[in-house]
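Below is one structure, written out as structure tokens; the observations come after it.
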Amino acid sequence: MFSKYANLILVIIIGALLAVALFLSGLQMWLVFTIVMVVTFALTMGYPFYIIYKSRSLKLIDRYLANHRSKPIFSYAYALAHGTDKEILNSLDRIVRSYPHAEVQDVYNANLLVFKKDWKRLIETSKSMTTTFYRDYYAGIGYTMSNNKEKSSEALSKVRTPWMVHSLKAIIALKQGQKDSFQNEAALATRQAVGMQRYVVHHMLNRMAEGVFSTKEV
């Protein structure tokens, strides 16, 4: 909370100092106002957008999430890195209840089923996803959890997004006890993703490797 107020105060100070400097340089008031507004917008909106969607720094994303984890989606991502299984499940429940958008429902309901280890419902849910972008990826996870190697390989062959390909390969390797392959694919999955997706993929796979998430057949 303190950090958010500190950031706001910093933006105000920067805006004030910039305005003074521009006035002293002889610029007209309307131009000073326009420049200050553009800079303020860039600091308050552009920087968070960069962190969430473009940053490759896990530490920078982690600091941002720590200060904004009151929001369900940020809370889930932060819990992956620092929380318990119960906290992750609670944050996923909040997301599903709070956001009716189809893509959000598809992704986070699927993640909820992953953490509940309910591979049967995960496979069935993947078939009816409105966002086809995720269908084969989550189907592949479900089939891997159920130890169906043929189906998981078939799903993997249909996935096209690089971070999803490597993430699914990592999960398959983990299921098969291939630790070196898992580590290599997990690193590639993290490298291919950006922003909060990079953070989520990295910490999700880490939790699997640490045994917090079980891929044993149920």
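The values are calculated or read from the model by the stated rules, or taken from the named source; none is laboratory data. Small disclaimer: the values here were computed from a predicted structure and weren't measured. So basically every Cβ, Gly included, is an ideal-geometry build from the backbone, and we count neighbours across all protein chains shown. Areas reflect the complete protein model, heavy atoms only, side chains present, ligands, DNA and RNA absent. Shrake-Rupley method; radii C 1.70, N 1.55, O 1.52, S 1.80 Å.
First check a/c for segment 61-134, with a ≥ b ≥ c the square roots of the eigenvalues of its C-alpha gyration tensor; if it is under 1.5, answer rounded, and if not, answer prolate when a/b is larger than b/c or oblate otherwise. Before the final figure, lay out each step's value.
Details: a/c = 2.34, a/b = 1.62, b/c = 1.44.
It comes out prolate by the Cα gyration axes.
Principal axis analysis of the Cα atoms in segment 73-193 yields extents of 36, 32, 24 Å, listed in decreasing size. Let me test this: with uniform point scatterers at the alpha carbons of the chain, what is the Debye-based log₁₀ I(q)/I(0) at q = 0.07, 0.12, 0.13 1/Å? Values returned for q = 0.07, 0.12, 0.13 Å⁻¹ are -0.29, -0.69, -0.77. Listed cross-link partners K86/K116; K149/K179; K120/K175; K127/K158; K59/K117; K54/K179 are compared with a 20 Å cut-off, the Cα-Cα value being larger for K59/K117; K54/K179. Quantify how much of the Cα-Cα distance distribution of segment 148-218 extends past 19 Å, in percent. Percentage above 19 Å: 29.
Remark: the chain carries 57 Å² of accessible area per residue (probe radius 1.4 Å; ligands, DNA and RNA excluded).
Measure off, as a whole percent, the carbon and sulfur share of the 1.4 Å-probe accessible area of segment 44-190, all protein chains present.
Working: 3930 of 7640 Å².
The value for segment 44-190 is 51 percent carbon and sulfur by accessible area.
Against the chain, whose longest principal axis is taken from its Cα atoms, helix 72-82 shows a tilt of about 70°.
Of the residues L27, L205, L65, the one that moves most in a GNM of the chain with alpha-carbon contacts below 10 Å is L27. Across all Cα pairs in segment 20-98, the calculated P(r) in 10 Å bins from zero up to the longest distance comes to 17, 32, 21, 16, 10, 4 percent per bin.
Can you tally the net charge around H202? Count Lys and Arg as +1, Asp and Glu as -1, for every other residue whose Cβ sits under 13 Å from the Cβ of H202. Net local charge, H202 excluded: +2.
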